[in-house]
Amino acid sequence: MLEELEVRNLGPIHSAVLAPNKAMTAITGETGAGKSMLLSAVRLISGATASVARVTAGADSAWAQGIFDVDEDSTAARLAQDAGVLDVDNGETDPDPDEIGRRELFLSRTVPASGRSRAVLCGHSVPRSVLGNVATELVTIHGQADQLRLASPARQREFLDMAADDKAECDTYRVAWQKLQTLDERLNNLANQEASARQRADYLRESIEQINKVDPKPGEDEELKEKRARVENAAEIAQGVGSALSALDASQVDADTDAQGAADAINHAIQALRTIHVGGSFGQAADRLESLNADLSDIVFSLSNEVDTDEDAEGLDAINSRIHELDELTRRWGPTLEDVIAWRDKAAFEVEDLDASPEKVDEIKEQRKQAFDDAVKAAEVLSKKRKLAATTLANTVTKELSALAMAGAGLEIRVIRRNSASKNKTASKDGETQVPSATWPLDANGIDDIEFLFTPFPGSPQLPMGKSASGGELSRLMLALELAVAEKRTSGSSDMTFIFDEVDAGVGGKAAVELGKRLATLSQTSQVIVVTHLAQVASWADSQFVVSKGNTTAQSASSKAPIETTVNEVTGDARIHEIARMLSGSESATSLNHAKELLESSKL
């Protein structure tokens, strides 16, 4: 939802702040006052192409900023987080209970009088495309140029899918389609193998054979190097261990010796301390010596085993030879034996594909056939739901058009199922002849071609959207479409802001009242901003802003004085006077009374 729009030095607007209502806001003013500049500001912060011609004469740059209140779990907030400009924690230590789960997004754009424009999202410079992606989730502009986007088949399919609420069916189909694409890619790789691929397979087989011949074990090289060190230093080890044992327990070296070692001395000390029957620390000292003696016994036992170990000096050559073999493996496929073993296992799978044996190809082709059948089934389920939604949506929109002063107008939504019989035919796209792919009649979006056909008046042929209506007619068609999917588009959230321009073109009287009522109805689920010339439409708004122009200096009579556009909210009597001006161009007692009556009656 748009909380605030601020504009500086954009065309005739030197400075303006617009705080639209959460529901419906009307922007009014005389023709040429500069209402289009507010739409230009919204387009700028939505990532549209910037034009230096829009910068106010004499100003260094134009600037626009929109502040949007969004759900913290919304797509717009996620896109801002992905861009690195929005922290997950908003940093508030004592947030307002009503604001829990909400975030504010700041979208701004600076257009210098010369040079490149600058896009800023939440205080961080970002590419214009990022600003555009975020704005797409926040604002939908229905103006003569903006709404032509729905003329594209891709946009029409997206709109229909939203109306059909078929996300689950779309997700199921996309999974099946991705599996089909993966198998096609694998078959394509197998079919296009050349000499280089066969050479690769030969290299892998030879490498696997060489590794298997050595048959390395994880950590084996480190164990062998430790063993080699023991063999090479066997004499030094024996001498050192023997001397240590002689000092600790001489009986471990010579069973017939009468010499005492450290163990005997400690035992003697323990016995001496135990003979003291006076309380104190003597018993504690004896206990500590017994603990020390237990540790000493463990050390003696371990060293005795070392003496008994007979390292085979004659096997040193065999150890060195094995270490050399393992080093050759780690040098080529390492750096560790674990890496060598992992490389061999991965290479074995790669060889299977590179061999491209007929059996392997046939196996993958069978998998591909099953994947294609599964994708077709998923596409047919999706197609069925689209067709049901297309009928409902078209009927609803046609009824809305009748209430919007377009009796006899209608919308037909065609869900055209492609069929495999056309596979051998060529497909025309943008005037070029193309041969259907191996996945025909499927594509990334299913098995259907979607087409919106609009009949603007009785007797008119059905023509594609965007080529069959004036700006006003197309705006009313878009309003009818938005009304038809309002609940599904918002999905319980009112974050989306709809802006309508020229929606009242060619409308008057009772139809204008009905148009205002329809806009007010849409504002119950989403924020609506409408630029209008009709009092019957503006009267339905919850707030109204008037765009007016005048001279910036006291010499208003001077034709050379610069013109400045102002934007002001009108309430109370000021709004009654503005509605009266819109009704009759004057503020007579009759028109003022009429304005009061219109405002009082314009309520849902």
### Message
I'm told T257 meets every condition in (1) at pLDDT 80 or above; (2) more than 30 Å from R344 (Cβ to Cβ); (3) touching a helix residue (DSSP H, G or I) at 6+ places or on another chain (Cβ under 7 Å) except one. Can you identify the failing condition by its number?
### Response
(1)
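I'd like the residue in the range 23-34 that is assigned to a loop (DSSP other than H, G, I, E, B) and in contact with a strand residue (DSSP E or B) (Cβ under 6 Å, 6 or more places away or on another chain) and, out of all such residues, is nearest to V513 (Cα to Cα).
If we take residues in the range 23-34 being assigned to a loop (DSSP other than H, G, I, E, B) and in contact with a strand residue (DSSP E or B) (Cβ under 6 Å, 6 or more places away or on another chain), then G29 is nearest to V513 (Cα to Cα).
Conditions tested, residue by residue: (1) in contact (Cβ under 8 Å) with a residue 40 or more places away in the chain; (2) among the hydroxyl-bearing types (S, T, Y); (3) assigned to a helix (DSSP H, G or I); (4) in the same structural domain as S383 (by TED's automatic domain parsing).
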position: R157; (1), (2), (3), (4): yes, no, yes, yes
position: M162; (1), (2), (3), (4): yes, no, yes, yes
position: C170; (1), (2), (3), (4): yes, no, yes, yes
position: Y173; (1), (2), (3), (4): yes, yes, yes, yes
position: W177; (1), (2), (3), (4): yes, no, yes, yes
position: L180; (1), (2), (3), (4): yes, no, yes, yes
position: D184; (1), (2), (3), (4): yes, no, yes, yes
position: A197; (1), (2), (3), (4): yes, no, yes, no
position: A201; (1), (2), (3), (4): yes, no, yes, no
### Query
Somewhere in the range 116-132, is a residue of a type in the set (S, T, N, Q), more than 23 Å from the chain's Cα centre (by Cα) and under 30 Å from G84 (Cβ atoms)?
yes
### Task
Please state which one of V7, V42 is in contact (Cβ under 8 Å) with a residue 12 or more places away in the chain, in the same structural domain as R109 (by TED's automatic domain parsing), assigned to a helix (DSSP H, G or I) and buried (at least 18 other Cβ atoms within 10 Å of the Cβ).
V42
### Message
Need pairs with beta-carbon distance below 7 Å; first residue within 13 Å of T330 (Cβ to Cβ) and within the range 216-233, second of a type in the set (V, I, T) and in a helix (DSSP H, G or I); sequence gap 6+ or separate chains.
### Response
P216/V340; P216/I341; P218/I341; D221/I323; L224/I319; L224/I323; K225/I323
### Message
So Q65 ticks every box in (1) modelled with pLDDT under 95; (2) farther than 29 Å from S539 by Cβ but one. Which box is left unticked?
### Response
(1)
### Query
What residue, among those in the range 559-604 that are of a type in the set (G, A, S) and surrounded by 14 or more Cβ atoms within 10 Å (Cβ to Cβ), is farthest from N21 (Cα to Cα)?
A561
### Task
Assess whether S468 counts as being more than 30 Å from L2 (Cβ to Cβ), modelled with pLDDT under 85 and crowded, with 17+ Cβ neighbours inside 10 Å.
yes
## Note on the structure
In the range 13-28, anything surrounded by fewer than 22 Cβ atoms within 10 Å (Cβ to Cβ) and either more than 33 Å from the chain's Cα centre (by Cα) or not assigned by TED's automatic domain parsing to the domain that holds R43 (or both) is listed as H14, S15
### Residue satisfying condition, being in a strand (DSSP E or B), within 29 Å of M37 (Cα to Cα), out of contact with any Phe, Trp or Tyr (no Cβ under 6 Å at 6 or more places or on another chain) and modelled with pLDDT of 90 or more, within set V130, V70
V70
### Message
Filter the range 287-319 down to the residues that are modelled with pLDDT of 80 or more and among the aliphatic types (A, V, I, L, M) and list them by number.
### Response
L289, L292, A294, L296, I299, L316, A318, I319
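Among the residues of the range 49-60, which ones are more than 18 Å from I563 (Cα to Cα) and either in contact with a helix residue (DSSP H, G or I) (Cβ under 8 Å, 6 or more places away or on another chain) or among the polar types (S, T, N, Q) (or both)?
Passing the criteria: T49, A50, S51.
The values are calculated or read from the model by the stated rules, or taken from the named source; none is laboratory data. Since we're looking at a predicted model, the values are computed, not measured. Note that each Cβ is placed from the backbone with ideal geometry, even for glycine, and that neighbours are counted across all protein chains shown.
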